[in-house]
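To start, the structure under review is shown below, and the notes come after it.
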Amino acid sequence: MPPKRRGVLPLILGLICMFVLAPGIFFGGVAYGSKGLLNTVREVPTTPPGGTVELGANSTMVIMVDVGAATGTSFESQTGQPSQACVVLGSDGATIGMEASGPAFRAAFDGRQYESGGSYTSSTAGTYTVTCGSNPAKLLTGDTAAKVGGKTIGVIVGAFIIATLFGLLGVVLTIVGIVKMVRSGRERREAVYGGQPPYGGQPPYGGQPPFGGQQTYGGQQTYGGQQTYGGQQTYGGQPSYGQSSDASQPYAGPPTYGTPPPPANYPTAPPPPPSGYGTPPPPPGSGSGTGTPPTSG
């Protein structure tokens, strides 16, 4: 039985973390924080330039400056210092400095656009004057300031951090799932095809005959229905060695090997010719002939 496929569950969980949980947590946190902020600041009245506010000792105040008209509803958290500069004076004329850790944001609701004017903490209880140029502002104090500066912004930042962690977890699970699926796929292929003969190869000895029903040496039929050596017919219907080509004659049997044929009786060399046989005649004019040469006349 081939091994089970692995890696499917980590892959699915990783994709869910990356594309479902991480975006859902981030946008859900932003929506929850924005909704909480808008519901909080809607209840705060708008203070004109140079307006006053009562603060207790060590009280925190967050300023939202009205910068003009806007359409729709939105909330955007910003980095760095607030974009609007405000002046806060105590009853003794002393200026309260803006805190460096104050929230920076931009919000639009009820047809107006607001930008952060910073966060301030009073040293003593008393009346404070707030001036943000020629723009009116919403002064968030006490519990209202704590909600805007801490809880609301904290929810948005926390949602971003948690969403990032889930996204990284999803990447890790996805990689693990892919690696396991690749390895398990290789193991499944080896388990299924590892013990089989290669494509186009013959089965081992004693197995099934090759394609076409033909059989091999040892009395079995070969390709095309012909038989092999050992009394079987060869390819094309020709008789085997030692068989007669005439069907009417009985089997003659194979010849006996090991008996050499007798040596051939070749003729001996001819005798030499008799003495004087074949002696060439003397040349003319040598005096040894019987005729007389003719004379000129």
Only listed residue being more than 22 Å from Val155 (Cβ to Cβ), in contact (Cβ under 8 Å) with a residue 60 or more places away in the chain and not hydroxyl-bearing (Ser, Thr, Tyr), chosen from Leu37, Leu11, Leu89: Leu11
Scan of segment 23-43 for residues that are among the hydrophobic types (A, V, I, L, M, F, W, C) and modelled with pLDDT of 90 or more, ordered by number: Ile25, Phe26, Phe27
Qualifying position, being among the charged types (D, E, K, R), touching a residue at least 40 places away in the same chain (Cβ under 8 Å) and in contact with an Asp or Glu (Cβ under 6 Å, 6 or more places away or on another chain), among Arg106, Arg112: Arg112
Segments classed as strands (runs of 3 or more DSSP E), wholly inside segment 104-173, with at least 1 members that are surrounded by fewer than 16 Cβ atoms within 10 Å (Cβ to Cβ): 126-131
Matching entry among Gly93, Gly36 (being part of a loop (DSSP other than H, G, I, E, B) and over 30 Å from Val171 (Cβ atoms)): Gly93
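The values are calculated or read from the model by the stated rules, or taken from the named source; none is laboratory data. Just so we're clear, the structure is a prediction, and the values are computed from it rather than from any experiment. Here Cβ is always computed from backbone atoms with ideal geometry, including for glycine, and neighbour counts include all displayed protein chains.
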